[in-house]
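**Q** Just passing along the structure, written as structure tokens.
The values are calculated or read from the model by the stated rules, or taken from the named source; none is laboratory data. Model, not experiment: these values are computed from the prediction. For neighbour counting, all protein chains shown are included, and Cβ atoms are generated from backbone atoms with ideal geometry for every residue, glycine included.
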């Protein structure tokens, strides 16, 4: 298989998951330190941080700790390869699998195999890895992570390790070894009281240990003053002591010639040079060359030394036997001899490399690297082969390898590894090799996207000149993605589409399926966003989606759903948008889809809801978005410009003009270099529109000119037309009719050409307002066409739908009898107004009876429960629960005053009604809202929260039954927003009113149960908990709510919370005076029922 896990098994260092072999007879046992850690004052320390210089005995201490501990120890050897967080998480997963038989995190393994883990989300899998291993950990076991300084300059890998080791798991201790403090990890753990930090001072040998090492192990007898001298020179540095003892042996006991007062690095340099002097030149040269490798497989050592006068294997075996900074790691035994890998001590290897630069010619090192690369390639280890071809500056061979395997490395998520390897090549040289430049540019798209384009462009040009059609196709597809996602230069991207599509049609049959789905997706993006050529966009998106489905690529299924949604949006097809959102919900909850693709699925939802004018659910989806991604910095940097733009539009559409102005000012305070022309143009067009409405003519003119300038740079057919529409509206407000007409005509022609009825209606509405202001009869024609389009498609909003303009247009439509029914519906739902036949507009009366009674008028005045007597509130309650909010006068009298005669009841009725009208008249004329005709008392021109609650709740339940969960959640959210408590909470109700109160409560409990179930299912457990707990406040004994919460806690692996919930449920039943037998039966049934 070509997946990353299979490749790791071939290329990981031989000692990756095992401790180094250290001959105990050759070392001083650190008895006091080991005893304190295992049984003494540090026995309860969970984290043991060992930070000390090379050669200080850090690894040795950990090996000795392992040998003395009664609990098993598991070893992870960190390396430079782990700086790539995708490599690191894959290697960690393999480590746990090999260390603990039966260990598995199937979702993560599948994502690793598919290359579906994004760089920035890798740290989030740390707790998942650790939690899954908890069931396999023996009591008191030790996990050792050695050489963590290799994670320098790798914040994502450091974060991954930090989150892994900080996961609360019992029965485990961590030994974390590094030459210095590890970024992120050390800062976190040093704040923990269960952390023990050991430094070079703690590990330094004392004089007794120096004596033991010299006399008992090295067989170098020393006098007391000599022990003190060596201890003084080395300051207890273990490797320095060993070097010095060896030097004294070879120098007849003398310490003369040593570099006095030097650092440890100077000492080791001195000792290594002294060691090399004892070898013949060919042996010395061979060691210097072998030090260029991270590890030396035995077969490779023999291969490299096959034409030399020195036997490489014998040299390395002898050094390993003498513990001269070389270890031999056995892989397997074959026919009487071992096969394995030689590994130099890090400090020894680094010193040899430094010496090699001084003593060997560069061409010798390059020739050696080339031979090593060829050997690794013959063993099907292309990543290691690429590393050594690059070390040898064999760029042609490296390019051949990049052509064959480079895209595969990237598909496995190894962007940082590729970036590190190729980033060592000078940029001028790199651009001469198009496949290297292409692969590097693609890697840069994940790491430093703003810097990727020169490499992608250079690769594309060179491929074109050399007629490498496949390379050119890859490069062009990546440039399209760059112009969409990075610099938002839609015009430049558009110019690439014809050539890319031409190459794709010619080469598609010879592409592998994953390349085909990637390139067709890029073309779909380009045709949709650059050219708004929706037919071409659909063709490519359909192909990409079909291949993604056939080959199980959830990554491209998610991206395809997002793109299909935008195609529907640009076509003005709201139902198509909703279908794509509903279909993509499972992808949002799938652990196999990376956060990056979930991000764009969410952004499409937010965009659609914003354009639809569903203001409440716009805020709701944004809230879900932020909670889902936990306000991740990278997510906010990507989504921030979109959300700010849509926030401005929502504020305009709701008439919150001061807030919209503040948001525009905020957007324009951003550093120009940090914002694209695409977004800047849109911020400026809203700012210019608002400035024109405020009468700030000069600012409006200046910003509109800048907006057009930036749009010309950015391009994009749809967005150019949108800019033209706004410019028309701006010049209309500025009383520049000719310019307004010009821009409106341009926008209308473009949107008609795109076959986008949504935006055609938008332009027509803006132009209708412009023309009606000038008393042009053409304004009514525009208005008639616009409202007819909106009625057919049930549109209620579009970009820049200013409620002041909407109100003026709807008044004109009513007066001209244009789309009467739809106009009234739009005024009611968007403006909360009533339009009468003559065009007069009345504000709606909003009666909120869920919770304490509250009545508000369009002018802001209001009535609350304290303004009405008990009998007046009961009087109103009976009207509210009646069908159509109208009730027979006699029926109302009988319900309120059953003991009274008809005449007396009528008098009481008249008195209550008179007093209520008087209270209403203090705010607005009551005759528009409370009417008594022919003995029928009714409420008119009123919004009732009870009615809207029931309508939205039932609508949500219908969607729920059909499996349309996204629409169900939005309807539930609408209903939930109206709930402030039970019906007429502060009023004593009787009869049918009391029954109605209970029916509403049961309906509320029902929708909360269904809503919480959906939230839990699609990956929002926190929201599910919040919804259910809030509903439990209304009815603590609701078994369905308790069950939903219980299932939610079980799914999260939170048994303590689940148990606490059941105890609370039992207490609630006891408080309601259930019998013990009843409670036992309820709890027993709780376990039995599903």
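**Q** Take the residues in segment 420-445 that are surrounded by fewer than 20 Cβ atoms within 10 Å (Cβ to Cβ) and touching a helix residue (DSSP H, G or I) at 6+ places or on another chain (Cβ under 9 Å), then tell me which one is farthest from residue 150 (Cα to Cα).
**A** In this case the residue turns out to be 432.
**Q** Is it fair to say residue 740 is out of contact with any strand residue (DSSP E or B) (no Cβ under 6 Å at 6 or more places or on another chain) and buried (at least 23 other Cβ atoms within 10 Å of the Cβ)?
**A** Judged against the criteria, residue 740 is a match.
**Q** Looking at (1) under 20 Å from residue 415 (Cβ atoms); (2) in the same structural domain as residue 398 (by TED's automatic domain parsing); (3) crowded, with 20+ Cβ neighbours inside 10 Å, which is the one condition that is false for residue 484?
**A** (2)
**Q** Look through segment 629-642, keep the residues that are out of contact with any helix residue (DSSP H, G or I) (no Cβ under 7 Å at 6 or more places or on another chain) and part of a helix (DSSP H, G or I), and return whichever of them is modelled with the highest pLDDT.
**A** The residue in question is 640.
**Q** Quick check, is residue 470 more than 24 Å from residue 721 (Cβ to Cβ), part of a helix (DSSP H, G or I), out of contact with any strand residue (DSSP E or B) (no Cβ under 9 Å at 6 or more places or on another chain) and in contact (Cβ under 8 Å) with a residue 12 or more places away in the chain?
**A** Yes: the conditions hold for residue 470.
**Q** Checking the structure you have, find out if any residue of segment 149-157 is modelled with pLDDT under 90, touching a helix residue (DSSP H, G or I) at 6+ places or on another chain (Cβ under 9 Å) and either surrounded by fewer than 19 Cβ atoms within 10 Å (Cβ to Cβ) or in a helix (DSSP H, G or I) (or both).
**A** Taking every residue of segment 149-157 in turn, at least one turns out to be modelled with pLDDT under 90, touching a helix residue (DSSP H, G or I) at 6+ places or on another chain (Cβ under 9 Å) and either surrounded by fewer than 19 Cβ atoms within 10 Å (Cβ to Cβ) or in a helix (DSSP H, G or I) (or both).
**Q** Find the helices (runs of 4 or more DSSP H) located wholly in segment 1-114 whose residues include 2 or more that are under 28 Å from residue 180 (Cβ atoms), and list them.
**A** Numbers: elements: 4-11, 31-38, 58-68, 85-99, 106-114.
Once the helices (runs of 4 or more DSSP H) in segment 1-114 are filtered for at least 2 residues that are under 28 Å from residue 180 (Cβ atoms), what remains is 4-11, 31-38, 58-68, 85-99.
**Q** Looking at segment 644-660, is at least one residue under 22 Å from residue 488 (Cα atoms), under 28 Å from the mean Cα position of the chain (by Cα) and in contact (Cβ under 8 Å) with a residue 60 or more places away in the chain?
**A** Start the filter on segment 644-660 by keeping residues that are under 22 Å from residue 488 (Cα atoms), which leaves 644-649.
Checking the rest, the ones that are also under 28 Å from the mean Cα position of the chain (by Cα) come to 644-649.
From what is left, the residues that are in contact (Cβ under 8 Å) with a residue 60 or more places away in the chain are 649.
So far as segment 644-660 goes, yes, one or more of its residues are under 22 Å from residue 488 (Cα atoms), under 28 Å from the mean Cα position of the chain (by Cα) and in contact (Cβ under 8 Å) with a residue 60 or more places away in the chain.
**Q** Filtering segment 412-451 down to residues that are over 16 Å from residue 396 (Cβ atoms), in a helix (DSSP H, G or I) and touching a residue at least 40 places away in the same chain (Cβ under 8 Å), which residue is farthest from the chain's Cα centre (by Cα)?
**A** Ranking the candidates gives 420 first.
**Q** Suppose we keep only residues that are surrounded by 15 or more Cβ atoms within 10 Å (Cβ to Cβ) and touching a strand residue (DSSP E or B) at 6+ places or on another chain (Cβ under 7 Å) within segment 192-222. Which one would you say is nearest to residue 172 (Cα to Cα)?
**A** Residue satisfying both the conditions and the ranking: 195.
**Q** Among the residues of segment 666-673, is any out of contact with any helix residue (DSSP H, G or I) (no Cβ under 9 Å at 6 or more places or on another chain) and either at pLDDT 95 or above or assigned to a helix (DSSP H, G or I) (or both)?
**A** Yes, that holds for at least one residue.
**Q** Could you list, in sequence order, the residues of segment 917-941 that are surrounded by 14 or more Cβ atoms within 10 Å (Cβ to Cβ) and either in the same structural domain as residue 1006 (by TED's automatic domain parsing) or assigned to a helix (DSSP H, G or I) (or both)?
**A** Matches in segment 917-941: 917, 919, 920, 926, 928.
One line per residue, one yes/no per condition, for (1) closer than 25 Å to residue 710 by Cα; (2) surrounded by fewer than 20 Cβ atoms within 10 Å (Cβ to Cβ):
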{"position": "462", "(1), (2)": "no, no"}
{"position": "467", "(1), (2)": "no, yes"}
{"position": "471", "(1), (2)": "no, no"}
{"position": "477", "(1), (2)": "yes, no"}
{"position": "480", "(1), (2)": "yes, no"}
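**Q** Has segment 179-195 got any residue that is assigned to a strand (DSSP E or B), within 19 Å of residue 38 (Cα to Cα) and assigned by TED's automatic domain parsing to the domain that holds residue 81?
**A** Checked segment 179-195: at least one residue is assigned to a strand (DSSP E or B), within 19 Å of residue 38 (Cα to Cα) and assigned by TED's automatic domain parsing to the domain that holds residue 81.
**Q** Still on this model: So if I check each of 914, 846, which one is within 30 Å of residue 809 (Cβ to Cβ) and either under 50 Å from the mean Cα position of the chain (by Cα) or in a helix (DSSP H, G or I) (or both)?
**A** Details: 914 fails: within 30 Å of residue 809 (Cβ to Cβ).
One residue alone meets the criteria, 846.
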